[in-house]
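First the structure, in the form of structure tokens, and then the observations on it.
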Amino acid sequence: MESEGIAGIEQFDSPGKGRGLRVSRAYGVGELLFSCPAYSYVLSVNERGFICEQCFTRKKGLAKCGKCKKAFYCNVNCQKKNWPMHKLECHAMCVFGENWCPSETVRLVARIIARLRHQRERSPSEKLLLLRDMEGHMEDMDNEKREMNEAHIAGLHHFYSKHLDFPDHQALLTLFSQIHCNGFTVEDEELSNLGLAVFPDIALLNHSCCPNVIVTYQGINAEVRAVQEIRPGQEIYTSYIDLLYPTEDRIERLRDVYYFSCDCKECKTKSMDVEKIKVRKLSDEISQKEIRDMVRYARNAMEDFRRHHYYFCLQEMCELSIDKMSPVFDDANIYVLHMMYQAMGICLFMENYDGAVRYGEKVMKPYTVLYPAFSLNIASMYLKMGRLYIALDRKSTGISALQKALAIMEVVHGKDHTYVTELKQEMRGE
């Protein structure tokens, strides 16, 4: 399968990083470098009924599958296009009923296997890199991740054995490892999880905590846009992780999920770490031991929060954690911000909009300092706050927040993106 390439983009051996991508011409801020359709994708079960399974269009009045009654589509054309993938699940959902519960990763791999079985030529998602050539880091996996892969394989056999012929066990281990490293969570403008997808060409982008491009989504296409000026010959970098956190946390996350350490300028200088782990200014100086102990507590609290699933418990956990950290950490400390952001989400879920605004206002200003200028995290916060203000009859404040969101979205999504068009309509009251 011969590579056709992408105009303005070339693959090269990046020193110390392996494969990478660089530009052959200059790109300005907000300019589209390239787009990549998903090789395979799944819509999150939670989004069914709101978003089309085939094209990921969000709209009202979607038509449901006549058999399983659980998949929804824009029209008959979308349903027909999606049938080769939906048929893997349609009958099984009817048979298993409420017991049908494969993970999104298992669902995605099932679809990849089905597509690979019929693929004869390089797909539009593989102009630079074939899916089978994606990195998997199997040799770097610890026992916990190996056990997770085995559990995924068991789930694949349990839910899909009647409709799929599986490759051998080693090939399945390789495929699940590749998806673990290269799967993308497709998100909307508020960073809500819409589904999981794989984009082989996008997987060639290396990581930096000072990224010069950002990946966003237009339906089932991933788009790569410049968030800094990029000169000819420069490598293009995206961020694999949330950039809010201090250097030690970011490096730990990269090692755990992607098996490398970052050596970008920010990781070398740690220039933002003091601001990110900001402590209170008190008459009695806070000792380094107190700070280290509180950082350890905060990390454990974040992990405990991640493992819980009951909103009433989570709300209490957030409040207790914030109270515990407040004597040592400033309100703009990222660990306090993390818990405030989670508390805001819980308030939104429970329709406590006043509470959500109260937490959101504490988070908003520090976010604009701690994240890069063209950050999806900042844009999504302005969006949420703007919509909350309007819902609480604070229209002028809400419109001001939405205008700030729009300014960022026009760069990271592009001025012709559906989200940008919809937001402009929303601001006009349409």
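Overview of values
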quantity	calculated
Residues being over 21 Å from P37 (Cβ atoms), in contact with a strand residue (DSSP E or B) (Cβ under 8 Å, 6 or more places away or on another chain), part of a loop (DSSP other than H, G, I, E, B) and not hydrophobic (A, V, I, L, M, F, W, C) - total across segment 56-85	1
Hits in segment 88-122 (condition: of a type outside the set (D, E, K, R), within 23 Å of the chain's Cα centre (by Cα) and open to solvent by 10 Å² or more (accessible area, probe 1.4 Å))	C101, P102, S103, T105
Number of the exception - G398 against (1) in a helix (DSSP H, G or I); (2) within 25 Å of the chain's Cα centre (by Cα); (3) more than 21 Å from H338 (Cα to Cα)	(2)
Qualifying residue in segment 159-168 (condition: part of a helix (DSSP H, G or I), more than 24 Å from the chain's Cα centre (by Cα), touching a residue at least 60 places away in the same chain (Cβ under 8 Å) and closer than 26 Å to A71 by Cβ)	yes
Residue match in segment 132-153 (condition: crowded, with 16+ Cβ neighbours inside 10 Å and in contact with a Gly (Cβ under 8 Å, 6 or more places away or on another chain))	yes
Of the criteria (1) in contact (Cβ under 8 Å) with a residue 24 or more places away in the chain; (2) over 24 Å from C267 (Cα atoms), which one T185 fails	(1)
Those residues of segment 222-281 which are over 23 Å from G136 (Cβ atoms) and of a type in the set (S, T, Y), in sequence order	Y245, T247, T269, S271
Of the criteria (1) part of a helix (DSSP H, G or I); (2) hydrophobic (A, V, I, L, M, F, W, C); (3) at pLDDT 95 or above, which one V42 fails	(1)
Single residue of segment 189-217 satisfying the filter (part of a strand (DSSP E or B) and without any contact (Cβ under 8 Å) to a residue 60 or more places away in the chain) that is nearest to R58 (Cα to Cα)	V215
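The values are calculated or read from the model by the stated rules, or taken from the named source; none is laboratory data. The structure presented is a predicted model; accordingly, all values stated were derived computationally and were not measured. Quick reminder, even Gly has a Cβ in these numbers, built from the backbone with ideal geometry, and neighbours come from all protein chains shown. Surface areas here come from the heavy atoms of the whole protein model, side chains and all, with no ligands, DNA or RNA. Shrake-Rupley method; radii C 1.70, N 1.55, O 1.52, S 1.80 Å.
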